């Protein structure tokens with residue numbers, strides 16, 4: 001849109017002859033503007049092999065983006081950030097708005113022509129092709145001030161140009177795609193539906209004319225966020241993805257172990273960073289490297305020693321050690337001393353294998369966990385053979401006032417992986433098929449907590465009995481539950497639930513407190529389950545109950561009188577028949 005006004009106050013230095021030509025200039029400008037606007041707004045048609053209208057799936061028409069390089073956006077829809085005047089270069093199709101602020105303002109929306117010119121009314125042609133936005137603004141302002149006085153000038157980029165970029169080589173859908181100058185190589189790869197399986201993602205060529213203007217390492221961009229390895233595209237660019245030929249391997253205790261595409265000049269530090277750095281259990285003292293000399297089937301091994309040099313196990317391999325190129329400290333865990341590891345850096349060769357070992361078991365940090373009624377529950381490192389139960393409770397801030405030592409447990413989780421083949425066999429059998437000893441063993445194992453150690457916490461922590469103050473092992477779990485001030489009643493009582501603990505009361509007293517037995521109660525089979533041990537006892541044996549004990553009243557089993565009567569008659573008839581046979585035989 002052009003707003004032209006003939007206001008002498010805006011241009012006091014304009015001559016009468018100049019002012020008389022304003023009307024003609026505005027008319028010509030109005031006739032020309034639709035052409036410029038159409039150049040800026042109409043998308044460049046994308047050629048489709050075979051002719052016809054483009055459809056999704058045709059070469060050059062993007063459909064779903066490849067997850068390998070991110071979501072492809074429609075050109076011009078979204079920006080990573082505001083466009084910088086010192087980072088954006090103008091080209092044909094960009095649209096600028098020029099505002100002259102005064103009592104009678106003038107506004108122009110001008111498109112850069114196909115020749116890279118900006119046609120400014122009353123000023124003429126200004127060449128802005130491939131100029132940085134900030135430089136172009138300075139030139140346009142200087143030219144405007146030759147014809148205007150006492151005005152404020154603002155120049156704004158309001159629309160981005162669109163151009164074709166050919167995406168070729170090892171992508172799923174090669175072709176030509178629309179782009180803007182604020183989009184990166186990865187976006188165009190996404191529009192081409194991503195890489196083929198054998199694509200060289202680390203050396204994507206960005207060509208312009210007859211030369212390669214730069215390369216993109218999209219693997220480094222995706223793994224390490226290196227924006228400089230994912231450049232912006234420009235007019236006339238071609239993206240070419242070649243085949244991947246060379247690889248190195250980074251194995252062991254790194255966050256992303258596996259085979260990596262190799263670039264000439266890759267160093268040890270580069271591939272460790274691309275593999276995500278060391279894991280928490282990496283053995284930081286040495287890194288092992290295996291190298292296959294040309295034509296050799298067996299590798300030559302050498303070691304990179306933290307804080308030291310390159311070392312080989314065979315003197316004859318000394319000559320193949322690579323040339324040191326400084327030192328590096330990769331991100332990740334520190335050495336046991338607290339210092340960061342430092343390694344000699346050097347160039348790798350294709351097919352090299354880098355191996356990071358795991359910390360030997362003897363040097364692994366050993367932890368135990370304590371839960372429940374202590375001041376600071378959580379995991380704590382221990383020294384096996386020296387750390388005892390009382391030490392751990394002291395480290396965790398001591399017991400709270402609600403600690404229930406009678407039901408505290410120590411579970412040795414290292415024993416949980418030790419299977420019991422006999423118990424597993426019995427679990428698959430019907431109870432009726434078990435022998436008496438097998439059934440007894442099955443009941444005992446079913447009640448047992450896997451890995452639970454027999455420890456008297458009261459003796460260990462209160463009475464300081466050294467026998468119960470056991471040594472801890474890696475992986476132990478200590479559970480100290482809250483104190484219970486009730487006795488539980490379950491089963492056939494009038495009001496099952498928890499009854500407040502009353503010192504000196506036995507099972508019968510708690511049953512009366514719960515409303516007595518129900519009509520279906522099997523009174524003679526009532527049992528008490530002791531809180532500390534889980535032992536089942538008859539009510540007469542249990543005596544006075546303790547907090548946390550549970551009284552269980554089972555349901556009376558119904559008597560199947562007629563079934564028993566029939567079975568009795570059947571047995572009696574069989575016995576009578578046997579008697580008659582024997583009696584007949586005896587009287588012959």
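The values are calculated or read from the model by the stated rules, or taken from the named source; none is laboratory data. This is a predicted model, so every value here is computed, not measured. Cβ atoms come from the backbone with ideal geometry, glycine included; neighbour counts cover every protein chain shown.
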Checklist entry - Can you tell me which residue in region 520-540 is surrounded by the fewest Cβ atoms within 10 Å (Cβ to Cβ), limited to those that are touching a residue at least 24 places away in the same chain (Cβ under 8 Å) and out of contact with any strand residue (DSSP E or B) (no Cβ under 9 Å at 6 or more places or on another chain)? => result 534
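Restricted to region 392-409, and to residues that are free of Cβ contacts under 8 Å to residues at least 60 places away in the same chain and within 23 Å of residue 466 (Cβ to Cβ), which residue is surrounded by the most Cβ atoms within 10 Å (Cβ to Cβ)?
396
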Checklist entry - With respect to residue 394, is the statement that it is over 29 Å from residue 477 (Cα atoms) and assigned to a helix (DSSP H, G or I) true? => result no
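For region 410-431, indicate whether the set of residues that are assigned to a loop (DSSP other than H, G, I, E, B), touching a strand residue (DSSP E or B) at 6+ places or on another chain (Cβ under 6 Å), at pLDDT 85 or above and buried (at least 16 other Cβ atoms within 10 Å of the Cβ) is non-empty.
Taking every residue of region 410-431 in turn, none turns out to be assigned to a loop (DSSP other than H, G, I, E, B), touching a strand residue (DSSP E or B) at 6+ places or on another chain (Cβ under 6 Å), at pLDDT 85 or above and buried (at least 16 other Cβ atoms within 10 Å of the Cβ).
Determine, yes or no, whether residue 341 is touching a residue at least 12 places away in the same chain (Cβ under 8 Å), under 22 Å from residue 245 (Cβ atoms) and in a loop (DSSP other than H, G, I, E, B).
Values: touching a residue at least 12 places away in the same chain (Cβ under 8 Å): yes; under 22 Å from residue 245 (Cβ atoms): no; in a loop (DSSP other than H, G, I, E, B): yes.
Against the criterion (touching a residue at least 12 places away in the same chain (Cβ under 8 Å), under 22 Å from residue 245 (Cβ atoms) and in a loop (DSSP other than H, G, I, E, B)), residue 341 does not qualify.
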Checklist entry - Which pairs do you get when a residue that is free of Cβ contacts under 8 Å to residues at least 24 places away in the same chain, found in region 474-498, comes within reach of a residue that is buried (at least 17 other Cβ atoms within 10 Å of the Cβ) and not in a strand (DSSP E or B), reach meaning Cβ atoms under 8 angstrom, with the pair 6+ apart or on two chains? => result 495/514; 496/514; 497/514
Item to check | Where residue 266 falls short, out of the listed (1) crowded, with 18+ Cβ neighbours inside 10 Å; (2) more than 28 Å from residue 340 (Cβ to Cβ) | outcome: (2)
Checklist entry - If a residue has to be free of Cβ contacts under 8 Å to residues at least 40 places away in the same chain and over 31 Å from the mean Cα position of the chain (by Cα) to count, how many in region 292-338 make the cut? => result 30
Item to check | Any strands (runs of 3 or more DSSP E) falling wholly within region 183-266 and containing at least 1 residues that are out of contact with any strand residue (DSSP E or B) (no Cβ under 6 Å at 6 or more places or on another chain), at pLDDT below 95 and under 30 Å from residue 83 (Cα atoms) | outcome: 211-216
Item to check | Filtered residue count, region 267-292, keeping only those that are farther than 21 Å from residue 200 by Cα and assigned to a strand (DSSP E or B) | outcome: 8
Item to check | Condition broken by residue 124, with the remaining ones in (1) buried (at least 18 other Cβ atoms within 10 Å of the Cβ); (2) over 18 Å from residue 182 (Cα atoms) satisfied | outcome: (1)
Checklist entry - Scanning for something surrounded by fewer than 15 Cβ atoms within 10 Å (Cβ to Cβ), over 30 Å from residue 428 (Cα atoms) and touching a helix residue (DSSP H, G or I) at 6+ places or on another chain (Cβ under 8 Å), does region 494-501 turn up at least one residue? => result no
Item to check | Answer from 442, 457 - the residue that is modelled with pLDDT of 80 or more, closer than 26 Å to residue 549 by Cβ and in contact with a helix residue (DSSP H, G or I) (Cβ under 7 Å, 6 or more places away or on another chain) | outcome: 457
Checklist entry - Among the residues of region 127-143, how many are surrounded by fewer than 19 Cβ atoms within 10 Å (Cβ to Cβ) and not in a loop (DSSP other than H, G, I, E, B)? => result 9
Checklist entry - Which one is modelled with the highest pLDDT, of the residues in region 312-344 that are within 16 Å of residue 357 (Cα to Cα) and exposed (fewer than 13 other Cβ atoms within 10 Å of the Cβ)? => result 334
Next on the checklist: What are the pairs with Cβ atoms under 9 angstrom where one residue, in region 252-280, is at positive phi and touching a residue at least 12 places away in the same chain (Cβ under 8 Å) and the other, located anywhere, is in a strand (DSSP E or B) and surrounded by fewer than 19 Cβ atoms within 10 Å (Cβ to Cβ)? Sequence gap at least six, or different chains.
Outcome noted: 252/288; 252/355; 252/358; 258/249; 258/251; 265/347
Checklist entry - Can you pull out the residues in region 89-104 that are modelled with pLDDT under 90 and in contact with a strand residue (DSSP E or B) (Cβ under 8 Å, 6 or more places away or on another chain)? => result 102
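Could you identify the single residue in 289, 248, 233 that is touching a residue at least 40 places away in the same chain (Cβ under 8 Å), touching a helix residue (DSSP H, G or I) at 6+ places or on another chain (Cβ under 8 Å) and within 30 Å of residue 91 (Cα to Cα)?
Exactly one residue qualifies, and that residue is 233.
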